[in-house]
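Data block below; observations after.
The values are calculated or read from the model by the stated rules, or taken from the named source; none is laboratory data. Keep in mind that this is a model prediction, so the values were computed, not measured. Positions of Cβ are generated from backbone atoms using ideal geometry, with glycine treated the same way; all protein chains shown enter the neighbour counts. Heads up: the accessible areas ignore ligands, DNA and RNA and are worked out on the full protein's heavy atoms, side chains in. Shrake-Rupley method; radii C 1.70, N 1.55, O 1.52, S 1.80 Å.
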2 protein chains.
Amino acid sequence: MSFAKLDELGRKLEALEHALAILGADEATHMAVGGGEKRAEAMAALAGMHHARATAPEIADWIEAAENEALDEEQQVALREFRRHYTNLTCLPVEFVERQTTTRLRCEQLWRDLRAKNDWSGFLPALEGVVALVREEAAMRAEVLHLDPYDALMEQFDPGHRAADITPVFAELKAFLRGFVPQALAVQEERLAKTPLRPLSGTYPVERQRELGLAMMAAVGFDLTRGSLSVSHHPFCGGVPTDVRITTRYRTTEFLSALMGVLHETGHAMYEQNLPQKWAHWPLGKARGMAMHESQSLFVEKQLGRNPAFWDWALPLVEQHLGEKWSKADILPHVHHVARGLIRVDADEVTYPLHVILRYELEQELVAGRLSVSDLPEAWDAKMRDTLGLSTIDTPQDGPMQDVHWPSGAFGYFPSYTLGAMMAAQQWAAIIRLNPGIDGDIAKGRFDMVTDWRHDNIWSLASSRSTPEIMKLATGETLNARYFTGHLTQRYGA
Amino acid sequence: MSFAKLDELGRKLEALEHALAILGADEATHMAVGGGEKRAEAMAALAGMHHARATAPEIADWIEAAENEALDEEQQVALREFRRHYTNLTCLPVEFVERQTTTRLRCEQLWRDLRAKNDWSGFLPALEGVVALVREEAAMRAEVLHLDPYDALMEQFDPGHRAADITPVFAELKAFLRGFVPQALAVQEERLAKTPLRPLSGTYPVERQRELGLAMMAAVGFDLTRGSLSVSHHPFCGGVPTDVRITTRYRTTEFLSALMGVLHETGHAMYEQNLPQKWAHWPLGKARGMAMHESQSLFVEKQLGRNPAFWDWALPLVEQHLGEKWSKADILPHVHHVARGLIRVDADEVTYPLHVILRYELEQELVAGRLSVSDLPEAWDAKMRDTLGLSTIDTPQDGPMQDVHWPSGAFGYFPSYTLGAMMAAQQWAAIIRLNPGIDGDIAKGRFDMVTDWRHDNIWSLASSRSTPEIMKLATGETLNARYFTGHLTQRYGA
């Protein structure tokens, strides 16, 4: 039976993915510094074995044959995802993929060096090479997937999202934020004029912060028997669903950023931990995509962790672990601090979407060939001045050289961040409709109703439906900006 | 070119071995408890991929063809080890290996349960099944390798060691120990009567013990940029040569056993860290065998760590880290404590070989079919009474059910422990001949001369020669019991 062959293949691929995931997490947390070269060799070889197995020509025959087999409904959905996966993996010629891998790697290495030196002109030819190949890739994928070129790229990260749907939503959001950012800043200034900020600084030993983080993870719903918290240079969520590795980094003079990072990664981790185990070795069993994943992390960080009600419950826990008493009036100005800035990863939830929409607009132009790479600094600067009133014309390192995404060839990824933020707000609104008193639960550290809803409406579906379909089923409608703008207005408005 | 194909195969196998080694170490140190089942599945699948690749029929043709290629001397030696490896891996029919794997696994699981219950008769049929298959295995390997059956089993662990060479050496050692153990115990008793033992107990926080262990590892020659120290239930040395993972376990009331464990694993680790890197992906580049490996760990633990001169240097370090002042007169009675006991892993260096020789004698009889499994308890008890004056007739859990080796089918492994102890003493004697004042170096914490000798004479040879050949080249002669008996006499005699 051909479906059985796909099932068996899935188990082999899962084993290799397991190894790659744990080796990757281990590299960032426990590997000896001298082990890097051999680790890279081993992971490259394992990734090669995975690719060779996942793209073997006979798989096409198995998929074809399985479509004529008597499959139950679950198997039929699994087969659809096997096909989607296989098509996306095999639609580019091997020769092209190799050329692209080399070009991207070289550009990414150059980026690490030249970004620090603010050297745009040295970097330009390498990025031009990457963009040229991205245009080729988009055209090839578009043909196979019967999609527009940019949609075909987004499809790799977020099955089902189309620029035609997203663009008007982003336009509405951008128009809103253009007026709202100055308003939120004015509200903040007025409040700070009345009540000066109590600085967050203190002395918070790493071990105590870690215990606090673990206590919050457990309370929010992270299963500590199937995951762990470590330290790494850049926080991440890795590992496998039965052993999710999340990390953070600590400063002993300040606790809030590590803690918010832990909550964010906890959101990613809970999605992974709660995917249906019986589907774990099928593409169907994977998380749906990057926007949905980001909605889960942002949900825990923003909808829960930055919710004032959360701090009714959290502050005694902070005091218990760190020995310092904070009032909500002390902490919330930090939790809700808004600032115009150049750097996306440092941005707050109000200004963050403007960074993303800028990139979304520019990368569509780049992929379509309507914008040349050499014109990026001016185009970036114009949009930054327009939306945030800041210029990057003399600092391309904070402009088009800011992120690793483009040098590494990840075009079509950026929208996921803001789609995730909007989806999280829309999910939260759906929960409030069902349980208007949910803030009372949160203030008591009771997260089960929230967890149950997310389990039933998001996690348990895995990849059985597209992102827009999951949103429609879960919240009654597809993406709608008003939940997110409503959320911002309530939290940051006058 | 066929040699190039073997070389390329070696890189693929190395990547899978890398994954298995790190996943194995991770499982015992950092894995979430709930991750075990999926980890086992992943490792079994990866091991299966490794076996399938390493035993592919075309490899026989490559080896055959490579023998007619123009190879340099290094490649010729590498090819010999490729062949040895391939022959040992493929000389049993797949059907037999599968039957054996199932039988061993079931016996080992039963052993974990029934040893605790001291239930020999429940365990007997399972062990009989394992022994029956071991006899078959030995016969098949013997035919292919042109060796005696027991030698063919030992060859898996220790290439080049033959029972005909080992038996007289063990007989000499046994005869010596029969007289020496009572003598050493009398000496100890007399000394303790004069100077009562200062108990080792105190309060030693784990973090301080860990720092002390790391300081000693580094001083002895462990490369901390290519390895690390963690905690696990059973101490081990795992990982890969560029990232060796050693572990220990701590008791906060006592520091010596964890420290000696760290030194022992450091010995294993230094062998791995110093294997020639350019051969890392060939069988030639692997450590020579279990006896040689054990000689390296015991060398660091016994020849260095239990050497009185070592404590001249070590005691100030202990004081610095643990804040407690010990004199050599205080510590050496603990470091050199001798006791008759039933349990091999708890034995000191004087009595340990008697445990091993007992098993060596019995397993030869078992493999040859001259002893039936049902007669083991009596045979074990007779030998224990004969050599150590202790009986196990009522406690088979401390007799033939004591170790995991037999239930798991590892016949021919036990001699490695005592061969290693003898080889370490013989290596140490060779070093003393070159540098009679070496204890003066050790007392100052200078280990470079010792390290250089071990590097040049043991580690850099990897698997380029057999164990007896390496010993002959390094020390001027093959295995000779008198270095070990001389070592014991000097340390524990009157």
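Take the conditions open to solvent by 30 Å² or more (accessible area, probe 1.4 Å), farther than 28 Å from B:His50 by Cα, in contact (Cβ under 8 Å) with a residue 24 or more places away in the chain and among the acidic types (Asp, Glu) and apply them to B:Glu108. Does it pass?
no
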When only residues in the stretch A:71-97 that are modelled with pLDDT of 95 or more and not in a helix (DSSP H, G or I) count, which is most open to solvent (accessible area, probe 1.4 Å)?
A:Asp72
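Conditions tested, residue by residue: (1) under 30 Å from B:Asp151 (Cα atoms); (2) hydroxyl-bearing (Ser, Thr, Tyr).
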site	(1), (2)
B:Gly36	no, no
B:Arg39	no, no
B:Ala54	yes, no
B:Ile59	yes, no
B:Ile63	yes, no
B:Gln75	yes, no
B:Phe82	yes, no
B:Tyr86	yes, yes
B:Val94	yes, no
For the stretch A:237-245, state whether one or more residues are outside any helix (DSSP H, G or I), under 30 Å from A:Ile166 (Cα atoms) and either touching a Pro at 6+ places or on another chain (Cβ under 9 Å) or in contact (Cβ under 8 Å) with a residue 40 or more places away in the chain (or both).
yes
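Looking only at residues that are open to solvent by 40 Å² or more (accessible area, probe 1.4 Å) and in a helix (DSSP H, G or I) in the stretch A:366-384, which one is nearest to A:Phe484 (Cα to Cα)? Give the steps one after another, and end with the answer.
First, pick out the residues of the stretch A:366-384 that are open to solvent by 40 Å² or more (accessible area, probe 1.4 Å): A:368-370, A:372, A:374-375, A:378, A:382-383.
Applying the additional criterion that residues be in a helix (DSSP H, G or I) yields A:368, A:374-375, A:378, A:382-383.
Values: A:Ala368: 29, A:Ser374: 35, A:Asp375: 33, A:Glu378: 30, A:Ala382: 26, A:Lys383: 22 Å.
My answer is A:Lys383.
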Restricting to the stretch A:234-258, what's the tally of residues that are more than 18 Å from the chain's Cα centre (by Cα) and either closer than 22 Å to A:Trp311 by Cα or open to solvent by 30 Å² or more (accessible area, probe 1.4 Å) (or both)?
8
Requiring at least 1 residues that are assigned by TED's automatic domain parsing to the domain that holds A:Pro400, without any contact (Cβ under 8 Å) to a residue 24 or more places away in the chain and in contact with a Phe, Trp or Tyr (Cβ under 6 Å, 6 or more places away or on another chain), the helices (runs of 4 or more DSSP H) wholly within the stretch A:255-365 are A:308-322, A:328-335
Scan of the stretch B:21-42 for residues that are among the hydrophobic types (A, V, I, L, M, F, W, C), at the interface with chain A (Cβ under 8 Å from one of its Cβ atoms) and in a helix (DSSP H, G or I), ordered by number:
B:Ile22, B:Leu23, B:Val33, B:Ala42
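What are the residues in the stretch A:8-41 that are among the hydrophobic types (A, V, I, L, M, F, W, C) and modelled with pLDDT of 95 or more, if any? Even if it seems obvious, please write down each step before you answer.
Step one: list which residues in the stretch A:8-41 are among the hydrophobic types (A, V, I, L, M, F, W, C), which gives A:9, A:13, A:15-16, A:19-23, A:25, A:28, A:31-33, A:40.
Answer for the stretch A:8-41, where residues must be among the hydrophobic types (A, V, I, L, M, F, W, C) and modelled with pLDDT of 95 or more: A:Leu9, A:Leu13, A:Ala15, A:Leu16, A:Ala19, A:Leu20, A:Ala21, A:Ile22, A:Leu23, A:Ala25, A:Met31, A:Ala32.
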Could you check B:Thr102 against (1) crowded, with 18+ Cβ neighbours inside 10 Å; (2) assigned to a helix (DSSP H, G or I); (3) under 26 Å from the mean Cα position of the chain (by Cα) and say which number it fails?
(1)
Filter the stretch A:185-217 down to the residues that are polar (S, T, N, Q), open to solvent by 60 Å² or more (accessible area, probe 1.4 Å) and either in contact (Cβ under 8 Å) with a residue 60 or more places away in the chain or not assigned by TED's automatic domain parsing to the domain that holds A:Arg446 (or both) and list them by number.
A:Thr195
So in the stretch B:1-12, with the set limited to residues that are more than 7 Å from chain A (Cβ to nearest Cβ) and open to solvent by 20 Å² or more (accessible area, probe 1.4 Å), which one is nearest to B:Gly48 (Cα to Cα)?
B:Leu9
Kindly establish whether A:His51 is more than 8 Å from chain B (Cβ to nearest Cβ), in contact with a helix residue (DSSP H, G or I) (Cβ under 9 Å, 6 or more places away or on another chain) and either in a helix (DSSP H, G or I) or of a type outside the set (A, V, I, L, M, F, W, C) (or both).
yes
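Could you please let me know if A:Gly341 is touching a Leu at 6+ places or on another chain (Cβ under 7 Å) and either surrounded by fewer than 17 Cβ atoms within 10 Å (Cβ to Cβ) or at pLDDT 95 or above (or both)?
On the way: touching a Leu at 6+ places or on another chain (Cβ under 7 Å): no; either surrounded by fewer than 17 Cβ atoms within 10 Å (Cβ to Cβ) or at pLDDT 95 or above (or both): yes.
Criteria not met by A:Gly341.
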Would you mind finding the one in A:Ile470, A:Ile431 that is among the β-branched types (Val, Ile, Thr), outside the structural domain of A:Gln75 (by TED's automatic domain parsing) and within 27 Å of A:Ala215 (Cα to Cα)?
A:Ile431
Looking at the stretch B:439-479 only, could you name the residues that are β-branched (Val, Ile, Thr) and either more than 19 Å from B:Trp313 (Cβ to Cβ) or crowded, with 20+ Cβ neighbours inside 10 Å (or both)?
B:Ile442, B:Val450, B:Ile458, B:Thr467, B:Ile470, B:Thr475, B:Thr478
Output the qualifying pairs, or none if there are none: Cβ atoms under 7 angstrom, residues six or more apart or on different chains, first residue in the stretch A:115-126 and assigned by TED's automatic domain parsing to the domain that holds A:Met401, second residue open to solvent by 70 Å² or more (accessible area, probe 1.4 Å).
none
Taking only the stretch A:211-267 into account, find how many residues are within 14 Å of chain B (Cβ to nearest Cβ) and more than 30 Å from A:Pro283 (Cβ to Cβ).
3
